[in-house]
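To start, the structure under review is shown below, and the notes come after it.
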Amino acid sequence: MTAIQKVDLAIFAHNEEHNIGAVLTMLAKQSIFENAEISVRIIVLANGCADQTVSVAQTTIRELPHGRHFEVCDLAIGGKSRAWNAFVHETARKDADHLIFCDADIDIPEPDTLDRLLAFVQADPKRVIASSRPVKDIVYAPDNLNYRDKMIAAAGGTLDNWRKAVCGQLYIMRAATARSFHLPIGLPVEDGFVRAMTLTDLFRHPEDLDLIDGDNTIFHVYASERGIRALIRHQVRIVIGSAINAIIFDVVRQSDTPNQLLREAAEDDDWLARTCKSALPRRYGYVPVHFLTKRLSNLRAQSLKRKAILLVGFGFDLVVYVIAQFKMARGTGAGHW
């Protein structure tokens with residue numbers, strides 16, 4: 001007899017009263033609920049909400065066909081890393097086999113996405129983590145786009161290999177691996193941190209890319225930033241968060257007890273600020289130069305049209321880089337900065 005697979009899914013929701021009903025309704029239509037060999041539990045992690053996220057979620061759940069599988073966890077203090085820790089180490093079932101992490105503002109068009117995401121990570125015994133492929137709404141439904149939207153859509157996929165990255169909007173992990181570490185409170189970019197801890201076992205061995213992969217046919221849709229200012233703000237947060245992660249990685253790498261270190265960082269609201277202030281600035285300032293130049297690493301191999309797009313992107317990266325350096329120097333920006 002096949003053992004029942006236990007899968008717990010967290011929906012991260014901070015002031016998402018306008019989105020939470022839709023994502024819950026969408027998840028309730030997933031075919032994974034019809035699989036008798038899988039036990040599913042969906043938890044809304046409403047963290048630090050000042051709106052009606054909790055009440056809207058509760059009302060929606062009462063009307064869902066699989067409502068008994070859903071619940072709401074109302075966390076008084078906000079923060080995605082804090083909510084991640086609460087889910088992994090407190091709220092999720094202690095005997096869960098896999099954990100799925102989902103943002104409250106995405107669309108999952110295909111009804112078998114969760115089933116296939118679970119099957120994909122199980123297909124290779126060594127595979128520990130897998131992301132759904134992120135697709136911009138303006139790429140998924142490219143209707144009535146202006147020139148700016150077309151440029152934003154064209155720029156997609158110029159930087160990262162998503163199959164070897166963690167997309168924080170929707171990904172799955174083997175639960176045992178997730179339970180092996182904590183996230184420091186206040187991380188601006190938690191998905192890059194999760195990836196690094198998973199692929200290196202807290203920097204106890206070199207990065208192993210066989211532990212992570214993705215299936216191009218498993219995807220979700222997210223709302224792309226349309227305005228230039230909003231796009232810059234978003235990217236500045238990503239760059240600052242990645243720069244902060246680099247500092248923490250050095251600290252974890254040098255520790256003889258990284259598990260204990262991260263457990264303490266998850267219980268101390270001031271740990272991240274102290275750690276960053278003691279390490280910065282460095283000779284490059286606050287943000288490593290590779291955040292500015294990485295888009296150009298494969299420029300020569302690109303077509304003329306692609307080169308033009310990459311050069312426009314480099315101009316955008318330059319603006320973001322300067323703003324990120326300035327914000328971190330002033331102690332503002334993302335997280336504790």
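In the set (1) closer than 30 Å to Val135 by Cα; (2) crowded, with 17+ Cβ neighbours inside 10 Å, the condition left unmet by Ile232 is number (2). Would it be correct to say that Ser278 is surrounded by fewer than 14 Cβ atoms within 10 Å (Cβ to Cβ), among the hydroxyl-bearing types (Ser, Thr, Tyr) and part of a helix (DSSP H, G or I)? Here the answer is yes, as Ser278 does meet what is asked.
Among the conditions (1) more than 20 Å from Ile108 (Cα to Cα); (2) modelled with pLDDT under 95, the only one that Asn35 does not satisfy is (1). Only one of the numbered conditions (1) in contact with a Lys or Arg (Cβ under 6 Å, 6 or more places away or on another chain); (2) exposed (fewer than 13 other Cβ atoms within 10 Å of the Cβ); (3) of a type outside the set (Val, Ile, Thr) is violated by Gln260, and that is (1). Residue check: is Thr217 farther than 13 Å from Lys164 by Cα and among the polar types (S, T, N, Q)? Taking the combined requirement at face value, the residue satisfies it. In the range 190-223, the residue that is nearest to Arg263 (Cα to Cα) out of those that are outside any loop (DSSP other than H, G, I, E, B) and among the aromatic types (Phe, Trp, Tyr) is Phe193.
Quick grid of which residues meet (1) in a helix (DSSP H, G or I); (2) of a type in the set (Asp, Glu); (3) closer than 19 Å to Asp191 by Cβ:
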{"site": "Arg233", "(1), (2), (3)": "yes, no, yes"}
{"site": "Ile240", "(1), (2), (3)": "yes, no, yes"}
{"site": "Ile248", "(1), (2), (3)": "yes, no, yes"}
{"site": "Val287", "(1), (2), (3)": "no, no, yes"}
{"site": "Tyr321", "(1), (2), (3)": "yes, no, no"}
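Among the residues of the range 173-188, the one identified as buried (at least 22 other Cβ atoms within 10 Å of the Cβ) and either without any contact (Cβ under 8 Å) to a residue 60 or more places away in the chain or in a helix (DSSP H, G or I) (or both) is Ala178. Return yes or no: is Glu16 of a type in the set (Asp, Glu), modelled with pLDDT of 95 or more, under 30 Å from Glu267 (Cβ atoms) and surrounded by fewer than 22 Cβ atoms within 10 Å (Cβ to Cβ)? Judged against the criteria, Glu16 is not a match. Only one of the numbered conditions (1) farther than 21 Å from Cys49 by Cβ; (2) in a strand (DSSP E or B) is violated by Val139, and that is (2). Of the listed requirements (1) under 20 Å from Thr177 (Cα atoms); (2) part of a strand (DSSP E or B), Pro134 misses just one: (1). If you go through the range 154-162 one residue at a time, do you hit one that is of a type in the set (D, E, K, R) and assigned to a loop (DSSP other than H, G, I, E, B)? Checked the range 154-162: at least one residue is of a type in the set (D, E, K, R) and assigned to a loop (DSSP other than H, G, I, E, B).
Within the range 68-94, residues that are surrounded by 17 or more Cβ atoms within 10 Å (Cβ to Cβ) reach partners that are of a type in the set (Lys, Arg) and in a helix (DSSP H, G or I) with beta carbons closer than 8 Å, at six or more positions or on different chains, in the pairs Leu75/Arg82. The requirement of being hydrophobic (A, V, I, L, M, F, W, C) and either in contact with a Ser or Thr (Cβ under 6 Å, 6 or more places away or on another chain) or under 25 Å from Phe120 (Cβ atoms) (or both) is fulfilled nowhere in the range 55-68; no residue meets it.
Residue count for the range 5-37 satisfying the condition of being farther than 19 Å from Met173 by Cβ and among the hydrophobic types (A, V, I, L, M, F, W, C): 9.
The values are calculated or read from the model by the stated rules, or taken from the named source; none is laboratory data. Computed from a predicted model, the values in this text were never measured in an experiment. All Cβ positions, glycine included, derive from the backbone under ideal geometry; neighbour counts span all protein chains shown.
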